[in-house]
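Only one structure is covered here, and it is reproduced in the block below.
The values are calculated or read from the model by the stated rules, or taken from the named source; none is laboratory data. None of the values given here were measured: they were computed from a predicted structure. Please note: Cβ atoms are built from the backbone with ideal geometry, for glycine as well, and neighbour counts cover all protein chains shown.
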Amino acid sequence: MDKTMAIVLAAVCFTIWPGGYARAADKTPEQMVQEAKAQIKEVSIADVKKTIDAKENVTLLDVRDKQEFDEGRIPGAINISRGMLEFKVAMIIPDKNAKIVVYCGLDLRSPLATKAMNDLGYKNAVNMVGGLKAWKEAGYPIVK
């Protein structure tokens with residue numbers, strides 16, 4: 001991240017959250033994930049697999065970093081890293097009514113990303129419970 005982007009991001013964060021960074025610092029990452037999960041819709045890996053097999057119109061959004069994405073992903077998934085989601089998602093997924101399944105590796109970043117997408121107005125963004133780890137453990141396909 002270059003210096004200008006870091007300054008802009010810091011200004012946005014300070015403006016969005018009353019009290020600036022202190023509010024986020026009062027919570028652990030685990031608490032933030034649990035709060036996000038309480039505010040979003042979630043689907044099981046089995047439901048996602050059924051949706052894919054039925055060839056329903058759905059966008060699979062992998063919010064892991066590019067290197068992780070390149071190591072293996074759900075077939076057909078697109079990648080926007082969690083760190084750049086708010087800045088890039090409207091360019092890549094302009095339809096705020098699109099059906100979107102968000103996932104990450106361990107179901108930690110994706111709840112936060114799903115909440116952020118909901119906050120941005122994406123009405124049908126849901127989190128895949130268990131992440132890619134659970135997907136793999138179920139024996140579902142992965143591509144590189």
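Test of understanding: among 115, 123, which residue is charged (D, E, K, R) and surrounded by fewer than 18 Cβ atoms within 10 Å (Cβ to Cβ)?
Numbers: 115 fails: surrounded by fewer than 18 Cβ atoms within 10 Å (Cβ to Cβ).
Residue meeting the stated conditions: 123.
Of the residues 82, 73, the single one that is surrounded by 15 or more Cβ atoms within 10 Å (Cβ to Cβ) and in contact with a strand residue (DSSP E or B) (Cβ under 7 Å, 6 or more places away or on another chain) is 73. A Cβ distance below 6 Å, combined with a sequence gap of six or more or placement on separate chains, defines the contacts here; from the stretch 44-55, residues that are hydroxyl-bearing (Ser, Thr, Tyr) reach residues that are at pLDDT 95 or above in the pairs 44/129; 51/58.
Could you tell me whether the stretch 102-116 includes any residue that is assigned to a helix (DSSP H, G or I), touching a residue at least 24 places away in the same chain (Cβ under 8 Å) and touching a Leu at 6+ places or on another chain (Cβ under 8 Å)? If you could, list the steps in order and put the result at the bottom.
Narrowing the stretch 102-116 to residues assigned to a helix (DSSP H, G or I): 109-116.
Narrowing the set further to residues that are touching a residue at least 24 places away in the same chain (Cβ under 8 Å) leaves 109-116.
Restricting the remaining residues to those that are touching a Leu at 6+ places or on another chain (Cβ under 8 Å) gives 113, 116.
Yes, the stretch 102-116 contains a residue that is assigned to a helix (DSSP H, G or I), touching a residue at least 24 places away in the same chain (Cβ under 8 Å) and touching a Leu at 6+ places or on another chain (Cβ under 8 Å).
For the stretch 37-51, a residue qualifies if it is loosely packed, with under 13 Cβ neighbours inside 10 Å, assigned to a helix (DSSP H, G or I) and among the basic types (Lys, Arg), and exactly one does: 50.
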